[in-house]
Amino acid sequence: MTDWQQQYASGATPWDKGSPAPALVEYLQENPISGRVLVPGCGTGQDVRALAKGGAEAVTGLDIAPLAVERARHFLADTPRTEVLAGDLFLEAHRPLLAGQYDMVWEHTCYCAIPPSRRAEYVDAVAAVLKPGGHLLGVFYINPWDEDEDQTQGPPFGTGIEALREMLGVHFTLIKGWRPTVAYPGREGREWCGLFQKPG
Ligand SMILES: C[S@@+](CC[C@H](N)C(=O)[O-])C[C@H]1O[C@@H](n2cnc3c(N)ncnc32)[C@H](O)[C@@H]1O
């Protein structure tokens with residue numbers, strides 16, 4: 001199991017690019033958002049800020065690593081309508097503070113960070129925090145490894161698009177899926193975006 005706090009403490013955070021997910025920036029340019037948004041595994045808060053600036057009524061970041069939470073709170077200190085909570089998505093999603101409170105969940109490198117054996121729990125957790133009719137919007141890391149590399153290593157853990165759709169299909173309907181035209185350097189062609197909806 002990954003010790004996320006230790007990753008932040010030792011500076012082993014290759015995912016932390018110092019800018020929001022390019023696919024999110026691209027989406028927000030065309031699609032203003034509204035309502036309350038949860039960002040599970042928010043890291044140091046870049047996407048939280050982009051979502052708040054993109055029109056969300058309120059954005060909550062959640063992360064299991066206290067150091068990430070501390071850094072995100074510092075980063076977001078001057079960004080209105082944002083908050084960052086410390087906690088485990090698998091537990092917090094089912095507690096009253098989060099359960100049923102959100103119009104949207106933004107997914108970016110949380111799904112690929114958790115062990116594949118817990119993916120069904122992740123999907124349950126995301127469904128639990130959303131209101132009826134709420135949306136899951138995400139950029140999913142499909143194939144983080146080259147063909148000659150061990151595909152089972154991780155995190156990040158890759159997933160096929162069909163497998164992802166099947167997993168999410170337990171609680172959600174796919175509204176739209178697409179390949180982002182922009183990515184962090186090195187992630188080009190390795191991501192897939194999906195907009196899913198929880199039944200109303
Ligand atoms: C690969 S990092 C990505 C962080 C951020 N999304 C980004 O792209 O910069 C995965 C993040 O998920 C957090 N995380 C892992 N498991 C978690 C859980 N069960 N609940 C909440 N956060 C979790 C880690 O602490 C880490 O910050």
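Where a number appears in this text, it was derived from the coordinates with a stated rule and is not lab data. These numbers were taken from a predicted model, which means no experiment stands behind them. Cβ sites come from the backbone with ideal geometry, for glycine too, and all protein chains shown count toward neighbours.
Observations
- Each Cα pair under 8 Å and six or more residues apart adds its separation to the average, and for the range 37-146 the resulting relative contact order is 26 percent.
- When each of Lys53, Lys198, Lys176 is scored by the number of other beta-carbon atoms lying within 10 Å, the sequence from fewest to most is Lys176, Lys53, Lys198.
- 17 Å Cα-Cα reach of Lys198 towards lysines, excluding residues that sit fewer than 8 places from it in its own chain: Lys131, Lys176
- Dipole magnitude of the range 1-70 about its Cα centre (Cβ charges: Lys, Arg +1; Asp, Glu -1), debye to nearest 20: 120
- Separation between Cα centres of the range 54-126 and the range 175-193, rounded to whole Å: 21
- Working from Cα pairs under 8 Å separated by at least six residues, relative contact order for the chain is 19 percent.
- Calculated FRET efficiency for the pair Lys131/Ile161, C-beta based, R₀ 30 Å, to 0.05: 0.70
- When only the Cβ of Lys, Arg, Asp and Glu is charged (+1, +1, -1, -1), the dipole of the chain relative to its Cα centre reaches about 680 debye.
- Diffusion coefficient, µm² s⁻¹, Stokes-Einstein with Kirkwood Rh over alpha-carbon pairs of the range 34-197 at 37 °C and 0.692 mPa s: 205
- Taken over the range 100-162, the alpha-carbon convex hull comes to 81 cubic angstrom per residue.
- FRET E, pair Ala77, Ala12, Förster distance 35 Å, beta-carbon r, rounded to 0.05: 0.90
- Here r is the Cβ-Cβ distance between Tyr184 and Glu149 and R0 is 22 Å; the resulting FRET efficiency, rounded to 0.05, is 0.75.
- Per residue Cα convex hull volume in Å³ - calculated over the range 1-102: 99
- Every helix of 4 or more DSSP H residues in the chain counts as -39500 (n - 2.57), and over all residues that averages to -7500 deg cm²/dmol at 222 nm.
- Linear extension gain, Met1 paired with Glu30, 0.36 nm per residue minus alpha-carbon span: 6.6 nm
- Proximal lysines to Lys53, defined as alpha-carbon separation beneath 21 angstrom and excluding residues fewer than eight positions away on the same chain: Lys17
- Order of Phe90, Phe172 - criterion: other Cβ atoms within 10 Å of each residue's Cβ, fewest first: Phe90, Phe172
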